[in-house]
Amino acid sequence: MRDAYLTGHAGEMDERRTVKVSKYLSKHLRHQPERIGLTLGEAGWVEIDMLIEAAATHGFRFTRAELDHVVESNDKRRFAVEDGRIRASQGHTVEVDLGLPSATPPPYLYHGTVAAYLGAIRAEGLRAMNRHDVHLSPDRETATRVGARRGRPVVLSVDAGAMHRDGHVFRVSDNGVWLTEAVPPDYLRLPESH
């Protein structure tokens, strides 16, 4: 019997259902695992069977096939699956050490934002805010998409090579997002027209 949420060709999930399951996973693997009685294990991992059971106990049901579809179809690779476990690749607001080793960044990385934040960024640089790290993109296109989530995007260049030479630590997540504790203003190239 086919799952009630699958439509179209065999095995395809309805796009709205995919988004709903993805948002549910993000909320509980990045921000509020305790809300459904989960505790993130070492490096943020959770047994998939435990996650599915906890979600069902708290009124949200999804199948392993749906979870696999969300993981495989997410172009941002927000989740990683390994040995029957799942974790969010980055973006946590709960305390978790993803166990990512330090890495040498490319000479420049990029950060997408909107003009409304440029004054604070000029004064303070980029701060992690409610996340553990500042998220940086390896290319302008990705940073543009990130900034566009909040409005008309502004892309900032980060002199990651200089930061690294000066002792700042970088890590790269499973999905290619570069992470660092903060970016001081001296390492930023800000647009002059804003």
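Just so you know, all these numbers are worked out from the coordinates, no wet-lab data involved. Small disclaimer: the values here were computed from a predicted structure and weren't measured. FYI the Cβ positions are ideal-geometry reconstructions off the backbone, even for glycines, and counts take in every protein chain you see.
In summary, the convex hull built on the alpha carbon positions of the stretch 149-191 has an orientation-averaged projected area of 3.9 nm². In the stretch 15-88, inverting the average of 1/r over every pair of distinct C-alpha atoms gives 12.1 Å as the Kirkwood radius.
Taken one residue at a time, the phi angles of the stretch 85-94 give Karplus couplings (6.51, -1.76, 1.60, θ = phi - 60°) of 10, 9, 8, 7, 6, 5, x, 5, 10, 8 Hz. Gly and Pro are set to x.
I want to verify the translational diffusion coefficient of the chain in µm²/s; compute it with Stokes-Einstein, Rh as the Kirkwood radius over Cα pairs, at 37 °C and 0.692 mPa s. For the chosen part, D equals 181 µm²/s. The relative contact order of the chain, computed from alpha carbon pairs under 8 Å that lie at least 6 residues apart in sequence, is 20 percent. Full extension of the segment from R149 to T93, taken as 0.36 nm per residue of separation minus the current Cα-Cα distance, would add 18.3 nm.
Compared with the alpha-carbon gap, the fully stretched path from R189 to K27 is longer by 55.0 nm at 0.36 nm per residue. With a cut-off of 15 Å between beta carbons, the residues surrounding R87 carry a summed charge of -2, where Lys and Arg count +1 and Asp and Glu -1.
Distance between the 7 Å Cα→Cβ label points at T57 and D75: 3.7 nm.
Here the stretch 151-169 is scanned for amide nitrogen atoms under 11 Å from the site 7 Å beyond the Cα of R140 along Cα-to-Cβ, giving 155-157. Under a Cβ-Cβ cut-off of 12 Å, what is the net charge of the residues other than G112 that fall near it, where Lys and Arg count +1 and Asp and Glu count -1? Result for the local shell: +3.
Calculated on the alpha-carbon coordinates, the convex hull of the stretch 109-189 measures out at 89 cubic angstrom per residue.
Taking all Cα pairs closer than 8 Å and separated by 6 or more residues, the relative contact order of the stretch 15-88 comes to 33 percent.
For the stretch 15-88, a crude dipole built from +1 on the beta carbon of Lys and Arg and -1 on the beta carbon of Asp and Glu, taken about the Cα centre, is about 480 debye to the nearest 20. Starting from the Cα of K76, draw a straight line to each of the aspartates and glutamates and keep only those under 12 Å, dropping any in the same chain fewer than 8 residues away. Filter leaves D174. Amide H contacts of S89: F79, A80, each under 5 Å away and 5 or more positions distant or on a separate chain (H built 1.01 Å from N in the peptide plane; Pro and chain starts excluded).
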